[in-house]
Amino acid sequence: MHRIVDANAMKIVLAPNAFKDCLDAAAVCRAMEAGARVAAPAAEIVSVPLADGGDGTMELLVNQLQGALIHVEAHDALRRSVCTLQNS
């Protein structure tokens, strides 16, 4: 027996990491969502960009938490002054 899936009840969860040197996780979500909308126009689509702790993690967290990055002066291991970013 075949089941007919009600597209109105379908929920698609998109949770990609970034594509290194190509797209950040949010851009990957947008691209995947566009394709999912073509395949299942009535489906509920939830996008959750992810990061694995590497490049893009801080920016992803700031965007998801609606934070802001601020420049702060710090010191490296040799006590040299460096300018860095911090989540406010």
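Considering only residues that are hydrophobic (A, V, I, L, M, F, W, C) and exposed (fewer than 11 other Cβ atoms within 10 Å of the Cβ), look in the range 6-33 and name the one that is modelled with the lowest pLDDT.
Only one residue fits best here, namely Ala9.
Of the residues that sit in the range 37-62 and are surrounded by fewer than 15 Cβ atoms within 10 Å (Cβ to Cβ) and either within 10 Å of the chain's Cα centre (by Cα) or of a type in the set (D, E, K, R) (or both), which one is modelled with the lowest pLDDT?
Ranking the candidates gives Asp55 first.
Out of curiosity, is Ala68 over 28 Å from Ala15 (Cα atoms) and surrounded by fewer than 15 Cβ atoms within 10 Å (Cβ to Cβ)?
Answer is no for this residue.
The values are calculated or read from the model by the stated rules, or taken from the named source; none is laboratory data. All figures in this text were calculated on a predicted structure; none of them were measured in a lab. All Cβ positions, glycine included, derive from the backbone under ideal geometry; neighbour counts span all protein chains shown.
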